[in-house]
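*Asks:* Below you will find the structure I want to go over with you.
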Amino acid sequence: MSVEEVALEVKGDYVRQLAAKGMRQDKRKMDEYRPIKVTPNFIPHALGSSYVELGKTKVIAGVSMAVGTPYPDTPASGTLMTGAEFAPIASPLFESGPPRPAAIELARVVDRGVRESKTIDFDKLCITEGEAVWMVMLDLHVIDYDGNLFDSSSLAAISALLNARIPKYEDGKIIREETSGKLPVSKKPVECTFAKVGDVLMLDPTLAEEQGMDARLTVATTEKSICAMQKGGSGSFSLDEVEGLIDQAFKKGKALRKLL
């Protein structure tokens, strides 16, 4: 076990002791987010981008597009592919190489929130039915890690998609210097992540709180519906706890959407 991992174990124990007293290390309320800052169009030359700070956690989302062949069962619809990269500079816990299971999970959860909410009108991304459609590539880059990558990455992803533009396509070629309009985005799904530490439920866990938690629940919502959920950790939630967290997710979602 590395020095960093030992330090996190110690912090996790401290988190559990504080939680038992109804306290958090940074003095926040159990249903309170850390400060959040969203900076759209963070990368000027990208088709769409955003930079999000959630406390000390920092994530950049970028959107790129290519022309490809549609799936056989949806010949008139564009596609979405989401990937996540944990840069070694973000944490001593991250290493270079193939995507870690946590990075794969992060990409899938963010992708599911976008896809299941029907955020993008994929039918408007058809160029020639059965032959050519726009493929949207959403890339998430974690550049500083202090917990709760789901919520920070989700905010960055939606912010980037909201300001994304479609390149001009003419005579079978992409003209990247010109655009033909904005990406057809109609919804703003956001994710709220809760940690269970002992019997205590807390919103927006830090890295230390993630280390001390027994279970995690992420709830993705639009203004009117739940579009995705993801449970992590070896612990469990009661039905009443899940229903209460869903209610919180809808309430907190309103404030998160205002940042977009």
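The values are calculated or read from the model by the stated rules, or taken from the named source; none is laboratory data. Predicted model, so just to flag it, every value in this text is computed and none were measured. Please note: Cβ atoms are built from the backbone with ideal geometry, for glycine as well, and neighbour counts cover all protein chains shown.
*Asks:* Exactly one of these conditions fails for Val59: (1) surrounded by 18 or more Cβ atoms within 10 Å (Cβ to Cβ); (2) out of contact with any strand residue (DSSP E or B) (no Cβ under 7 Å at 6 or more places or on another chain); (3) not aromatic (Phe, Trp, Tyr). Give me its number.
*Replies:* Among (1) surrounded by 18 or more Cβ atoms within 10 Å (Cβ to Cβ); (2) out of contact with any strand residue (DSSP E or B) (no Cβ under 7 Å at 6 or more places or on another chain); (3) not aromatic (Phe, Trp, Tyr), Val59 violates only (2).
*Asks:* Within the group Ala107, Ala84, Ala103, which residue is surrounded by fewer than 20 Cβ atoms within 10 Å (Cβ to Cβ) and either hydrophobic (A, V, I, L, M, F, W, C) or under 20 Å from Val185 (Cα atoms) (or both)? Before you say what the answer is, go through the steps one by one.
*Replies:* Values: Ala107 fails: surrounded by fewer than 20 Cβ atoms within 10 Å (Cβ to Cβ); Ala84 fails: surrounded by fewer than 20 Cβ atoms within 10 Å (Cβ to Cβ).
Only one candidate passes the filter, namely Ala103.
*Asks:* Restricting attention to segment 19-37, does a residue exist that is within 18 Å of the chain's Cα centre (by Cα), among the aliphatic types (A, V, I, L, M) and on the phi < 0 side of the Ramachandran plot?
*Replies:* Yes: segment 19-37 contains one or more residues that are within 18 Å of the chain's Cα centre (by Cα), among the aliphatic types (A, V, I, L, M) and on the phi < 0 side of the Ramachandran plot.
*Asks:* Can you name the residue in segment 220-260 that is of a type in the set (A, V, I, L, M) and farther than 24 Å from Pro40 by Cβ and, of all such residues, is farthest from the chain's Cα centre (by Cα)? Don't jump to the end; show me each part of the working.
*Replies:* Of all residues in segment 220-260, those of a type in the set (A, V, I, L, M) come to 220, 226, 228-229, 239, 242, 245-246, 249, 255-256, 259-260.
The next check asks that each one be farther than 24 Å from Pro40 by Cβ; those that pass are 226, 229, 239, 242, 245-246.
Numbers: Ile226: 15, Met229: 12, Leu239: 25, Val242: 20, Leu245: 18, Ile246: 17 Å.
Residue satisfying both the conditions and the ranking: Leu239.
*Asks:* Within segment 101-128, restricting attention to residues that are of a type in the set (A, V, I, L, M) and over 16 Å from Ala61 (Cβ atoms), which residue is modelled with the lowest pLDDT? If you could, list the steps in order and put the result at the bottom.
*Replies:* Here is the first cut: in segment 101-128, the ones of a type in the set (A, V, I, L, M) are 102-104, 106-107, 109-110, 114, 120, 125, 127.
Add one more test, that the residue is over 16 Å from Ala61 (Cβ atoms), and what stays is 102, 104, 125, 127.
On the way: Ala102: 90, Ile104: 95, Leu125: 97, Ile127: 96.
Checked segment 101-128; the qualifying residue modelled with the lowest pLDDT is Ala102.
*Asks:* Surrounded by 16 or more Cβ atoms within 10 Å (Cβ to Cβ) and closer than 21 Å to Ala249 by Cβ: is that true of Asn148 in this structure?
*Replies:* Values: surrounded by 16 or more Cβ atoms within 10 Å (Cβ to Cβ): yes; closer than 21 Å to Ala249 by Cβ: yes.
Yes: the conditions hold for Asn148.
*Asks:* With the requirement that a residue be at pLDDT 90 or above and either assigned to a helix (DSSP H, G or I) or over 14 Å from the mean Cα position of the chain (by Cα) (or both), what does segment 79-100 give you?
*Replies:* Listed by number, the residues that qualify are Thr79, Leu80.
*Asks:* Suppose the filter is among the aromatic types (Phe, Trp, Tyr) and over 23 Å from Ser153 (Cβ atoms); does Tyr71 pass it? Even if it seems obvious, please write down each step before you answer.
*Replies:* On the way: among the aromatic types (Phe, Trp, Tyr): yes; over 23 Å from Ser153 (Cβ atoms): yes.
Spelling it out, Tyr71 is indeed among the aromatic types (Phe, Trp, Tyr) and over 23 Å from Ser153 (Cβ atoms).
*Asks:* Further, regarding this structure: Looking at the structure I just gave you, is Asp111 in contact with a strand residue (DSSP E or B) (Cβ under 9 Å, 6 or more places away or on another chain) and in contact (Cβ under 8 Å) with a residue 12 or more places away in the chain?
*Replies:* Values: in contact with a strand residue (DSSP E or B) (Cβ under 9 Å, 6 or more places away or on another chain): yes; in contact (Cβ under 8 Å) with a residue 12 or more places away in the chain: yes.
For Asp111, the condition - in contact with a strand residue (DSSP E or B) (Cβ under 9 Å, 6 or more places away or on another chain) and in contact (Cβ under 8 Å) with a residue 12 or more places away in the chain - is met.
*Asks:* Quick one: count up the residues across segment 57-108 that are of a type outside the set (Gly, Ala, Ser), in contact (Cβ under 8 Å) with a residue 12 or more places away in the chain and more than 30 Å from Gly147 (Cα to Cα).
*Replies:* First, the residues of segment 57-108 that are of a type outside the set (Gly, Ala, Ser): 57-60, 63, 65, 67, 69-75, 79-82, 85-86, 88-89, 92-95, 98-101, 104-106, 108.
With in contact (Cβ under 8 Å) with a residue 12 or more places away in the chain added as a condition, the list becomes 57-60, 63, 65, 67, 69-70, 74-75, 79-82, 85-86, 89, 92-94, 99-100, 104-106, 108.
If we keep only those that are more than 30 Å from Gly147 (Cα to Cα) too, we end up with 67, 69-70, 74-75.
Qualifying residue count, segment 57-108: 5.
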